[in-house]
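Chemist: Following this message is one structure expressed as structure tokens.
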Amino acid sequence: MKHSKFFDNLAEKWDAMEREDIGRRLSRVVAEAAVHPGQHILDVGTGTGVLIPYLLEAMQEEGHILAIDISSGMLEVAGRKAFPANVDFLQADIAESGLPENRYDRIFCNAVFPHFTDKSKALSEIRRLLKPGGRLVISHPIGREAVNSLHQGAGGVVAEDRVPSAQVMISLLEAAGMIDVLVVDEPNFHLVLGDKAVAGS
């Protein structure tokens, strides 16, 4: 089974599976990312759009969000949520997005990074899409070990999808050309930030 089909099968019940305190955790992700009004944001692996309300709040609904996912089922659920007109959806694989370079101020990968088949390729594409000075945000709001345990327990196509250690994450982002990489690896919250250098800096 492919990842897309796996998540298609979960789409209708995905929101009901979220933890009760997920809102507080997602708010922290957005705050740590320093989202501002007017920014262009790419939400990679948006799923049912769980992060979008928190992005819109931080943006004061000014700017634009493109939310992408490989799962048509997840995007169908997200599309029913009546988000404002500055939110668009696209079924795409981030490793081969075809999107314009130097476009986004922030690129979020919330609860999706372990599922990237080729993490180095995905990160290189993300760097291409970021504006100079833009920021990549990789988040797992329930914590690294919880995610890894959840995937192992689910089995099948996601059984070996792991959130790497802090040192591996730093190495991956730096190899992709990101700078100022920061990893927050708390028991119940995991966040990785990396910036694209400004030309000449």
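FYI, it's all coordinate maths here, none of it is from the lab. These numbers were taken from a predicted model, which means no experiment stands behind them. Every residue, glycine as well, gets a Cβ built from its backbone with ideal geometry; the counts of neighbours run over all protein chains shown.
Chemist: Once you put a point 7 Å from the Cα of SER27 and another 7 Å from the Cα of LEU182, both along the Cβ direction, what distance in nm separates them?
Modeler: Label at SER27, label at LEU182, 2.0 nm between them.
Chemist: Quick one: Karplus J couplings for the range 153-164, per residue in order, coefficients 6.51, -1.76, 1.60, θ = phi - 60°, nearest Hz, x for Gly and Pro?
Modeler: With the stated coefficients, the range 153-164 comes to x, 5, x, x, 5, 9, 4, 9, 7, 10, 7, x Hz.
Chemist: Could you give me the ³J(HN,Hα) list for the range 63-75, computed from phi with Karplus coefficients 6.51, -1.76, 1.60 and θ = phi - 60°, whole Hz, x at Gly and Pro?
Modeler: x, 8, 10, 10, 10, 10, 7, 7, 9, 5, x, 4, 5
Chemist: Here is the link list: LYS2/LYS121; LYS81/LYS121; LYS81/LYS119. Which ones come out longer than 27 Å on Cα distance?
Modeler: Numbers: LYS2/LYS121 19 Å; LYS81/LYS121 31 Å; LYS81/LYS119 30 Å.
With Cα atoms farther than 27 Å apart: LYS81/LYS121; LYS81/LYS119.
Chemist: Shifting gears a bit: Using Cβ counts within 10 Å as a stand-in for footprinting exposure, how do TYR104, TYR54 rank, fewest first?
Modeler: On the way: TYR104 26, TYR54 21.
Arranged by neighbour count, lowest to highest, TYR104, TYR54 become TYR54, TYR104.
Chemist: Considering the zone a paramagnetic label at ALA199 would reach in this model (a point 7 Å from Cα along the Cα-to-Cβ line), which residues of the range 117-142 have amide N under 13 Å from it?
Modeler: 131-133
Chemist: Loop only by DSSP, 10 or fewer other Cβ within 10 Å of the Cβ. Give me the trypsin sites (Lys or Arg not before Pro) in the range 47-105 that pass, ordered by residue number. Walk me through the numbers on the way to the answer.
Modeler: Values: sites: ARG80, LYS81, ARG103; in loops: ARG80, LYS81, ARG103.
Those that pass, being in a loop and sparsely packed, are ARG80.
Chemist: Add -39500 (n - 2.57) for each DSSP H run of 4 or more in the chain, then divide by its residues: what number comes out at 222 nm, to the nearest 500 deg cm²/dmol?
Modeler: Details: 7 runs with 68 residues, N = 201.
One gets -10000 deg cm²/dmol as the mean residue ellipticity at 222 nm.
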